[in-house]
Amino acid sequence: MAERRRRVVVAGLGDTGLLTAIHLARHHDVVGVSVKPGLVSGQEVGTRIARPDAWSRDYWIPFDRFRGLDDVRIVQGRLSGLDLTSRKVIVRRTDDSVVAEDYDALVISTGVRNGFWRRPDLQSAGEVDTGLRAVHDRLAGSASVAVIGGGAAAVSSAVNIAAVWPRKRVDLYFPGDRALPAHHSRVWEHVRRRLDDAGVGIHPCHRAVLPSSVDGITGDPVEWTTGQSPANAEAVVWAVGKVTPNTEWLPGGMLDDRGFVRVADDLRVVGDEGIFAEIFAVGDVAATDPLRNSARNRADRLVAHNVAASLRGDRLRTYRARHRRWGSVLGVQHDGLEIFAPNGRPFRFPAWSIESVLQPWIVRRGIYHGIRKR
């Protein structure tokens, strides 16, 4: 009799969870749980709001187009609980029915809430499309835009809005002496020139008084705790990095004091080995390091390896975090795509190579193991 394939539940199918499920599906019975009907990436928010059609082509992809998910059973629903004793994940589905998914191993990859572009809302494909278009239309109809925040999402938003609508007044406000503080200083030096070229007004040392919600575009004057006069714009984009982990469904003993999942250096959840031995966390939800960088350092491969090794009783590998953010900051521009290394030096994919080499061969085939055409 053939040995039973072990069941792995991947809770959350965002950028990292989806890749983890693809890796595990080769040798395990994988169940993926998602509030969305496809990959709705948290990447490249600037392109998402300024050029949603171009963004959707590469970052909003229904699950049935991923060849690597053909053997994965996907449950669309909201995670509502975890029964550690019976090893069941509780899911409330779109029709409001409740199902309990058994697991031999569990990967927690539910990510974080962050502004209007990372929300754990249960959505249909039509609702995803409507949300993308609503933000774009709000910006398109505004003569002036203020972007609040100093991270990559804020900088990317400012550059892309200015590039698509060069007649708009676009201003970027951030609290420090420079934006992109988690990146090497060379990245900011380089990106600042792009902001200047795009005509974006740059306002350092402005720390905003946050409104009650930063989950949408607002239009009220922005006030500052740092003493400057209020800033006025018809549309205010809040990209302040106010993240909240999607962990309400998990027992409190698994979480740190900010609600992120506590993990060891092998990405296994910290706690009672008898209960937590086959539970892992990866991506923005995992408290791996101060920057929670596992999503950006391809830890999907490592966590998939460690899940399989744990089920076999083999030795697990160690995750080593980088101390700076790296990768794309601005997304694809008219002259191509720049990827910044951890040392701050850029590597450029020229514009001609994006749709002839990068997306079809490196991303769709190499990273995702094949994506069907629409």
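The values are calculated or read from the model by the stated rules, or taken from the named source; none is laboratory data. Since we're looking at a predicted model, the values are computed, not measured. When we count neighbours, we look across all protein chains shown, and the Cβ atoms used for this are built from the backbone with ideal geometry, even at glycine. Just the protein is used for accessible areas: all its heavy atoms, side chains included, with ligands, DNA and RNA removed. Shrake-Rupley method; radii C 1.70, N 1.55, O 1.52, S 1.80 Å.
Yes/no per residue for (1) within 17 Å of LEU18 (Cα to Cα); (2) free of Cβ contacts under 8 Å to residues at least 60 places away in the same chain; (3) hydroxyl-bearing (Ser, Thr, Tyr):
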| position | (1), (2), (3) |
| --- | --- |
| GLY46 | no, no, no |
| PRO52 | no, no, no |
| VAL91 | no, yes, no |
| SER97 | no, yes, yes |
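Matching residues to (1) open to solvent by 40 Å² or more (accessible area, probe 1.4 Å); (2) under 22 Å from ARG268 (Cα atoms); (3) not in a helix (DSSP H, G or I):
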residue: SER86; (1), (2), (3): yes, yes, yes
residue: ARG92; (1), (2), (3): yes, no, yes
residue: ASP95; (1), (2), (3): yes, no, yes
residue: GLU101; (1), (2), (3): no, yes, yes
residue: HIS136; (1), (2), (3): no, no, no
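For the stretch 138-182, filtered to residues that are assigned to a loop (DSSP other than H, G, I, E, B) and among the hydrophobic types (A, V, I, L, M, F, W, C), the residue that is nearest to GLU338 (Cα to Cα) is LEU180. Taking the stretch 190-201, which residues are open to solvent by 30 Å² or more (accessible area, probe 1.4 Å) and either of a type in the set (S, T, N, Q) or more than 17 Å from GLY327 (Cβ to Cβ) (or both)? ARG192, ARG193, ASP196, ASP197, ALA198, GLY199, listed by residue number.
With respect to ASP129, is the statement that it is part of a helix (DSSP H, G or I) and at pLDDT 95 or above true? Talk me through it step by step, then tell me what you get.
Numbers: part of a helix (DSSP H, G or I): yes; at pLDDT 95 or above: yes.
Considered against the rule, which asks whether it is part of a helix (DSSP H, G or I) and at pLDDT 95 or above, ASP129 comes out as yes.
Within the stretch 83-98, being among the β-branched types (Val, Ile, Thr) and under 13 Å from VAL31 (Cα atoms) holds for VAL89, ILE90, VAL91. Taking strands (runs of 3 or more DSSP E) that do not extend beyond the stretch 226-341, which have at least 2 residues that are among the aliphatic types (A, V, I, L, M) and under 23 Å from ARG5 (Cβ atoms)? The strands (runs of 3 or more DSSP E) meeting that bar are 279-281. Scanning the stretch 53-77 for residues that are in a strand (DSSP E or B) and over 16 Å from GLU127 (Cα atoms) yields PHE66, ARG73, ILE74, VAL75.
VAL303 satisfies every condition listed in (1) open to solvent by 30 Å² or more (accessible area, probe 1.4 Å); (2) in contact with a Ser or Thr (Cβ under 8 Å, 6 or more places away or on another chain); (3) farther than 16 Å from HIS190 by Cα; (4) of a type in the set (A, V, I, L, M) except (1).
Within the stretch 216-225, restricting attention to residues that are part of a loop (DSSP other than H, G, I, E, B) and farther than 16 Å from VAL170 by Cβ, which residue is least open to solvent (accessible area, probe 1.4 Å)?
The first filter runs over the stretch 216-225 and keeps only residues part of a loop (DSSP other than H, G, I, E, B), leaving 216-217, 219-221, 223, 225.
Those left that are additionally farther than 16 Å from VAL170 by Cβ: 216, 220-221, 223, 225.
On the way: GLY216: 26, ASP220: 110, PRO221: 77, GLU223: 105, THR225: 91 Å².
This residue is GLY216.
Taken over the stretch 68-82, residues that are open to solvent by 60 Å² or more (accessible area, probe 1.4 Å) and farther than 16 Å from ASP29 by Cβ amount to 2. Taking the criterion of being in contact with a strand residue (DSSP E or B) (Cβ under 9 Å, 6 or more places away or on another chain) and at pLDDT 95 or above, the residues of the stretch 290-309 that qualify are VAL303, ALA304, ASN306, VAL307, ALA308.
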